[in-house]
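Asks: This structure is in structure tokens; I'll ask about it shortly.
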Amino acid sequence: MTAARHPARRVRIRSARVADTPALAALRWEFRAALDRASEPRDRFVPRCERWMRERLRRGTGWRCWVAEVGGEVRGMVWLAQIEKLPNPSPSAEPEAHAYVTSLYVRPSERGRGAGSSLLAEALGACAGGRTDAVILWPTPRSRSLYRRHGFAPPDDLLARDATPRRARVF
Ligand SMILES: CC(C)(COP(=O)(O)OP(=O)(O)OC[C@H]1O[C@@H](n2cnc3c(N)ncnc32)[C@H](O)[C@@H]1OP(=O)(O)O)[C@@H](O)C(=O)NCCC(=O)NCCS
């Protein structure tokens, strides 16, 4: 069977490398410019975003990223940030970090075949092992079902306040 007949087999999930940053910044533009009218031009945004990503992909920054690769090309991504908590005297019962999942994105041509779910599973796998407390994210209305399938639910013990009154925050 050709790869085209079994598209799901073609997708490879791996950790992002610094060399991926041009592709990752281009995906970030594609994602956000499609959601909202961008006020920053693409040729300014992409290099700025690339620099930001290059710095965050170095070891020890608290940020991680995974990509979905098809035929050697980056077609999707997910980012994960560790949010430190203050030390507490019972760290085995209450881990000292939260995690924030953001920028889960798969190019339209690759959607609906499980790549998004595999990226999310990879990021959540990195939160397993007892060192992460809550994993948070801001879904779009359409992506809620995907997150629900991975165990996300609205919390009953969290308060959030929107500090940007101009519009609803997305991510
Ligand atoms: C969300 C997204 C990464 C899923 O990628 P995918 O490879 O299609 O994911 P899967 O095939 O594993 O799962 C399909 C699920 O994705 C979600 N989805 C499908 N189309 C979507 C879209 N246009 N926008 C957001 N989520 C979508 C749905 O939950 C869908 O499940 P369901 O239709 O059975 O309820 C992809 O649709 C995307 O990049 N959307 C635009 C960016 C976005 O909204 N990201 C989420 C930000 S919180």
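The values are calculated or read from the model by the stated rules, or taken from the named source; none is laboratory data. Bear in mind the structure is a predicted one, so any value in this text is a computation, not a measurement. We place every Cβ from the backbone using ideal geometry, glycine too, and count neighbours over all the protein chains shown. Ligands, DNA and RNA are stripped out before the accessible areas are found, and what is left, the full protein with its side chains, is counted by its heavy atoms. Shrake-Rupley method; radii C 1.70, N 1.55, O 1.52, S 1.80 Å.
Asks: Answer with yes or no whether TRP66 is in contact with a helix residue (DSSP H, G or I) (Cβ under 6 Å, 6 or more places away or on another chain) and either at positive phi or within 16 Å of the ligand (Cβ to nearest atom) (or both).
Replies: Answer is yes for this residue.
Asks: While we're on this one: Could you list all residues from region 118-135 that are open to solvent by less than 40 Å² (accessible area, probe 1.4 Å) and without any contact (Cβ under 8 Å) to a residue 12 or more places away in the chain?
Replies: Within region 118-135, none qualify.
Asks: Here's a follow-up. I'd like to check something: does region 141-150 contain any residue that is more than 8 Å from the ligand (Cβ to nearest atom) and touching a helix residue (DSSP H, G or I) at 6+ places or on another chain (Cβ under 9 Å)?
Replies: yes
Asks: Going through ALA126, ALA134, ALA121 one at a time, which residue ends up being within 16 Å of the ligand (Cβ to nearest atom), of a type outside the set (Asp, Glu) and either farther than 26 Å from VAL18 by Cα or out of contact with any Asp or Glu (no Cβ under 6 Å at 6 or more places or on another chain) (or both)?
Replies: None of the other options fit; the residue is ALA121.
Asks: Just checking, how many residues over region 72-102 are open to solvent by 50 Å² or more (accessible area, probe 1.4 Å) and part of a strand (DSSP E or B)?
Replies: 5
Matching residues to (1) β-branched (Val, Ile, Thr); (2) open to solvent by 40 Å² or more (accessible area, probe 1.4 Å); (3) farther than 25 Å from GLY129 by Cβ:
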residue: LEU24; (1), (2), (3): no, no, yes
residue: ARG37; (1), (2), (3): no, yes, yes
residue: THR61; (1), (2), (3): yes, yes, no
residue: VAL70; (1), (2), (3): yes, no, yes
residue: ARG107; (1), (2), (3): no, yes, yes
residue: GLU110; (1), (2), (3): no, no, yes
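Asks: Are any of the residues in region 152-164 modelled with pLDDT of 95 or more and surrounded by 14 or more Cβ atoms within 10 Å (Cβ to Cβ)?
Replies: yes
Asks: Can you tell me how many residues within region 97-115 are at negative phi and within 7 Å of the ligand (Cβ to nearest atom)?
Replies: Within region 97-115, residues that are at negative phi and within 7 Å of the ligand (Cβ to nearest atom) number 7.
Asks: Going residue by residue through region 48-57, is there one that turns out to be touching a Leu at 6+ places or on another chain (Cβ under 6 Å), at pLDDT 95 or above and open to solvent by 60 Å² or more (accessible area, probe 1.4 Å)?
Replies: No, there is no match, as no residue in region 48-57 is touching a Leu at 6+ places or on another chain (Cβ under 6 Å), at pLDDT 95 or above and open to solvent by 60 Å² or more (accessible area, probe 1.4 Å).
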